[in-house]
Every structure is written in C-alpha cells, then in structure tokens.
Amino acid sequence: MALDTAWRRGFLCRFLVVVAASAPDQRAWREEHDILAAQLAPDLLLGLRLAPGLAEEGALSGDSLADVKLIGAVLEEMTRDGATDWWTAEALSDSPGWVRLRELAGRVLVREGETGTGLRDLRVLPRENR
C-alpha cells in the first residue's frame, strides 16, 4: 500500500474510531484533550470524502464504502436539526442517530481489520498548536 494511501486509510480509520466509541468514552476523550465539537467536524467530513478514493484503490472494501456513505447520510440528517448540539452528553447517550453511527463505524472497523486502535490511543495536538 502506497504511503499516501496508507495515510488516508489511517485518517479514515481514526475518524471511525472516534465515531464508534461509546458515549462515555467520547465525552472523556473530548474533555481530556479539550476538543470542541466544531473542531471535529472538518476532520469528520474529510474522512468521509477519503473513502471513495480508497475504495477505488482497493484499500477499502465496497461494503465498507457503503457503510461510510451511510455514516455520511446519518450525520447529514442529524445536522439538519441546527437546534441540537449532537456532542452533548445527552445527545451522545440518547440519540438514535449516535447509536446508528456507532454501529456502522464499528462494523467498518471490524470488516477492515482495524480493531487494534482505541480512542485513548489517538493523539491530539495541544490546544495552542491547533
């Protein structure tokens, strides 16, 4: 796998690790690293945009690409409701959308053999460097 392809696949899988994590783990990770929801959105969108190219290169299965597209559709549906902050403790815990996102992201990670990285393993730049 070419370095660029490996980097893009790794980026997508890190995004999926964040999405697949349990609500308590997501909250703890965000608090530990002082991450705002608005800071995550661009990376989430980039991860979604990388998937079709990875599938074309054979670095992501067709089934996983379909699930990533579903993740995008669920996120789009959730963000249509501009009145809800989808990263609050309540939304992370109670939202049917988040239940579906976790299921889809977890399925892709398992299918792609990317189950060795946990949320706590992800590195985050210190706030002053973001």
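Taking the numbered list (1) open to solvent by 30 Å² or more (accessible area, probe 1.4 Å); (2) over 19 Å from ARG100 (Cα atoms); (3) touching a residue at least 40 places away in the same chain (Cβ under 8 Å) in turn, ASP4 passes all entries but (3). The set of residues in the range 7-28 that are part of a helix (DSSP H, G or I) and exposed (fewer than 14 other Cβ atoms within 10 Å of the Cβ) comprises TRP7, GLY10, PRO24. Checking each residue in the range 29-52 for being crowded, with 16+ Cβ neighbours inside 10 Å and at pLDDT 85 or above picks out GLY47, LEU48, LEU50, ALA51.
Taking the residues in the range 59-73 that are touching a residue at least 24 places away in the same chain (Cβ under 8 Å) and not in a loop (DSSP other than H, G, I, E, B) as candidates, determine which candidate is farthest from the chain's Cα centre (by Cα).
ASP63
Given the criteria at positive phi and either surrounded by fewer than 17 Cβ atoms within 10 Å (Cβ to Cβ) or polar (S, T, N, Q) (or both), does GLY62 qualify? Answer is no for this residue. The set of residues from the range 74-129 being modelled with pLDDT under 90, open to solvent by 50 Å² or more (accessible area, probe 1.4 Å), part of a helix (DSSP H, G or I) and farther than 17 Å from GLU32 by Cβ comprises GLU76, GLU77, THR79, ARG80, GLU90, SER93, ASP94, PRO96.
The values are calculated or read from the model by the stated rules, or taken from the named source; none is laboratory data. Please read all numbers here as calculations on a predicted model, not as lab measurements. Cβ coordinates were reconstructed from backbone atoms using ideal geometry, including for glycine residues, and neighbour counts include every protein chain displayed. What goes into the accessible areas is simple: the full protein's heavy atoms, side chains included, and nothing from ligands, DNA or RNA. Shrake-Rupley method; radii C 1.70, N 1.55, O 1.52, S 1.80 Å.
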